[in-house]
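Please treat every number below as a calculation from the coordinates, not as lab data. The shown structure was predicted, so the numbers you read here are calculated from the model rather than taken from an experiment. Methodologically, a virtual Cβ is constructed for each residue, glycine included, from the backbone with ideal geometry; neighbour enumeration extends over all protein chains shown.
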Amino acid sequence: MLTWRVKRLRALGTNIVLSVFGEQDNSALVAAELLIRQQESRLTVNQPHSEIMTINQLAGYDNTEVSCGTYALIKNAVLASQKHFGFNALIGPLVKLWKIGFNGANVPSDHDIKSRLLLSNPDNIIMDDALHTVKLVKTGMELDLGGIAKGFIADQIRSIWFAYGIRAGIINLGGNLLFVGESPRRSDGRWIVGIQDPNKGRNIGIGTVIKPACAAVTSGIYERFLIKGGKRYHHLLDPQTGYPLQTQLAAVTVFARDSLQGELEAKRLFFAGKPIPGWEKDPNNLGAVFIYQNGNTQTVKASIH
């Protein structure tokens, strides 16, 4: 009888669950873990040595040569940041100023916020496509790919699993989900995806969405926040103001063909605060569920069951 094989691990600052169906050994799971460990060592900003940390340590002084995959991800992140739809891979100095979700969380002064905004301009980065070098122009700038690294890695794991001939699998990188192949639980091969209610406790859902193999990525303000002077400050900072984004949304879940795209589109829609006209016409955007702070929901190319 065919069954699921599951590997659990702690990496990328979260709990990861990798599942494959119908395999006779753990080789595909082991390969996925090796990839995760390799990419974490290259991309992390939570350890003193990585390709990204070297770039940050040399900010304002010199450029850094990085591996091909890291360069491609940085290029993608910078181009997205320069479109100013909400995602900003250079917002690290502001995040560290607020520290929301970490020890020492506080409400900074307007002066300090404005000074850190000057270090978060995605145009102040120099990249050489021929040499694969990256330089941050100003001292104190920081590159942080945490906003899209999980999507990048999930897509890579999927490619590895395809090479192993995986029939069905689930990549869960701390809530960033990527479904691979056809679900063995339904005759139509579609997957059942639960949507969490951000206005209630963890694991309490508003319903499910049924989709073919895809990525499911959520952006929301419900897990990391600071309450100061009776006011609640969430962790999603507006790169234009340096303050938490003013929004009526609690969360948005996006369904996309690729996990990296799902990461970016979840942030695009969350910062838009509502559906974007024409967004659904992109064949790679497979739907979205908006949940507002007042409890209302709104869907685009998705049906809640």
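Ignoring aspartates and glutamates fewer than eight residues from K150 along the same chain, the ones with Cα atoms less than 16 angstrom from its Cα are E33, E40, D258, E263, E265.
Label positions at E280 and R224, each projected 7 Å from the Cα along the C-beta direction, are separated by 3.2 nm.
Modelled label positions at E33 and A130, each set 7 Å beyond Cα in the direction of Cβ, lie 4.4 nm from each other. Each part reduced to its alpha carbon centroid, region 59-110 and region 228-255 end up 17 Å apart. Past 18 Å, Cα to Cα, is the threshold; run K211/K301; K228/K267; K99/K228; K114/K138; K75/K135; K83/K267 against it and keep the listed order. Exceeds cut-off: K228/K267. Taking a Cβ cut-off of under 10 Å around P212, the surrounding Lys, Arg, Asp and Glu residues balance to a net charge of +1, with basic ones at +1 and acidic ones at -1.
Ordering of 265-277, 157-169, 122-134 by packing is 265-277, 157-169, 122-134, highest average first (other Cβ atoms within 10 Å, averaged per residue).
With r defined as the distance between the Cβ atoms of R232 and N15 and R0 fixed at 22 Å, what FRET efficiency is calculated, to the nearest 0.05? Don't skip to the end; give the middle numbers.
On the way: r = 26 Å, r/R0 = 1.18.
Here the calculated transfer efficiency is 0.25.
For the chain, return all DSSP H helices satisfying: extent of Cα atoms along own axis at least 18 Å; mean Kyte-Doolittle hydropathy at least -1.0. Flagged H segments are 27-43, 68-81, 149-163, 259-272. Peptides 34-46, 87-99, 105-117 ranked from most to least packed by the mean count of surrounding Cβ atoms within 10 Å: 87-99, 34-46, 105-117. As a length-normalised measure over Cα pairs under 8 Å and 6 or more apart, the relative contact order of the chain settles at 17 percent. Multiplying the residue separation of R167 and E65 by 0.36 nm and removing their Cα-Cα distance gives an extension gain of 32.9 nm.
Pull out a ≥ b ≥ c, the square roots of the eigenvalues of the alpha-carbon gyration tensor of the chain, then state rounded if a/c is under 1.5, prolate if not and a/b is larger than b/c, and oblate in the remaining case. Note, shape of the chain comes out oblate. The simple spin-label model puts a point 7 Å past each Cα toward its Cβ; for K7 and Q293 those points are separated by 4.2 nm.
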